[in-house]
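The values are calculated or read from the model by the stated rules, or taken from the named source; none is laboratory data. Given the structure is predicted, the values throughout are model-derived calculations rather than measurements. Don't worry about glycine lacking a Cβ; one is built from the backbone with ideal geometry, like all the others, and counts go over all protein chains shown. Each accessible area value is taken on the protein alone, full model and side chains, heavy atoms only, with ligands, DNA and RNA left out. Shrake-Rupley method; radii C 1.70, N 1.55, O 1.52, S 1.80 Å.
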Amino acid sequence: MSTINHRQVQTNGIRMHIAEQGTGPLVVLLHGFPESWYSWRHQIAAISAAGFHVVAPDQRGYGRTDCPEPIAAYDILQLTGDVVGLVHALGEKEAVVIGHDWGAPVAWYSALLRPDIFRGLGLLSVPYLQRQWTDPRPTDAMNFVASEGEFYQRYFQKPGRAEADLEADVRKGFRMFLYSASGDPPPDKRWRFVFGKNERFMDTGTVPERLPNWLAEDDIENFAKDFERTGFRGPLNWYRNLDRMWEQNGFLAGAPIRQPSVFVAGDVDAVIAMYRPAYDALEQTMPGLRKKALLPGAGHWIQQERPTEVNQLLVEFLKGLV
């Protein structure tokens with residue numbers, strides 16, 4: 001088995017770090033918040049061994065990829081442009097794109113906006129949220145969800161506040177969030193996406209005495225060292241563009257995703273609780289859907305918690321496209 005190769009490519013006006021392995025049809029893996037290419041460590045070898053060229057970038061603002069300063073540099077058109085430019089930089093004309101967490105919206109907008117390039121789509125943890133003309137402005141929706149409390153996406157809106165919270169002890173933060181949003185803790189210790197006005201994001205979960213079996217100290221170190229170097233401003237700026245994304249994508253109201261697609265999540269993922277109607281509607285909003293799966297007992301970090309099952313589902317889907 002070949003080792004993972006790391007290099008920099010130029011795309012959409014930035015330098016992007018990628019991890020890649022294998023040869024064959026191109027598969028692009030897009031991570032979420034607060035992660036990096038490393039969240040796909042279990043998938044890269046499995047998918048490349050199945051006969052594909054697998055590329056997992058650090059997305060804009062993360063890891064060894066450039067981190068532009070302006071908040072507006074992280075709107076959805078820039079994030080999608082990065083992926084289109086990546087395919088071109090690799091000398092390819094088409095790809096399958098698979099995204100987890102924030103990587104899922106980037107993947108589905110890539111599929112919607114450039115169906116000539118993205119011939120297949122995989123979404124992990126976040127179902128396709130089809131835009132409707134009646135959708136409220138995201139920050140207005142956050143106020144409704146939070147009621148008298150605080151919703152984590154609204155908490156992230158004020159520059160500097162969440163950065164100070166998350167950067168105070170990066171390793172502790174990763175231990176808390178990766179454990180608390182997984183399927184391992186009992187219900188009373190799981191991550192809360194709505195919390196008290198007097199609480200910080202770091203108060204929304206539990207720091208475990210021992211890490212779960214799927215997560216090693218080396219994994220915590222790998223994530224933490226990147227964020228200790230870069231901070232959290234770039235990744236948090238993605239959330240600060242939610243209103244801008246809403247303003248930009250009205251023309252996609254009611255747009256179906258017709259490419260062949262697959263969806264995988266954990267059945268105790270808080271995101272599924274937040275977006276259950278979107279999950280239930282996937283057969284209508286994604287008419288090319290070939291399979292959707294909720295893995296019992298799994299949480300938000302699905303490809304890390306259940307790599308064997310996720311790899312099997314993704315490889316099966318990918319081979320069905322060849």
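List of remarks:
- Nitroxide proxy distance, nm - points 7 Å out along Cα→Cβ at residue 200 and residue 316: 4.4 nm
- Dimensions in Å of the stretch 67-200 - Rg and Dmax from alpha carbons: 17.6, 51
- The stretch 254-314 and the stretch 161-220 have their alpha-carbon centroids 23 Å apart.
- Pairs of Lys residues in the chain, spaced 8 or more positions apart or belonging to different chains, with C-alpha separations under 23 angstrom: 9 in total.
- In the chain, the portion of solvent-accessible area held by carbon and sulfur atoms comes to 51 percent [1.4 Å probe, whole percent, DNA, RNA and ligands not counted].
- What the Cα convex hull of the stretch 174-322 gives, in volume per residue, is 167 Å³.
- Relative contact order of the chain, defined on C-alpha pairs under 8 angstrom at six or more residues apart (%): 20 percent
- Each residue was assigned an accessible area with a 1.4 Å probe, and for residue 7 the value is about 90 Å².
- With the convex hull drawn around the C-alpha atoms of the stretch 135-235, the volume per residue stands at 124 Å³.
- Listed residues 18, 4 arranged by accessible area, highest first, probe 1.4 Å: 4, 18
- Among beta bridges that DSSP assigns inside the chain, antiparallel share in %, nearest 5: 35 percent
- Cβ crowding within 10 Å averaged over residues, with 281-290, 105-114 ranked highest first: 105-114, 281-290
- Computed over the stretch 1-147, the alpha-carbon pair-distance distribution with 5 angstrom bins reads 2, 9, 19, 23, 21, 13, 7, 4, 2, 1, 0, each value a whole percent.
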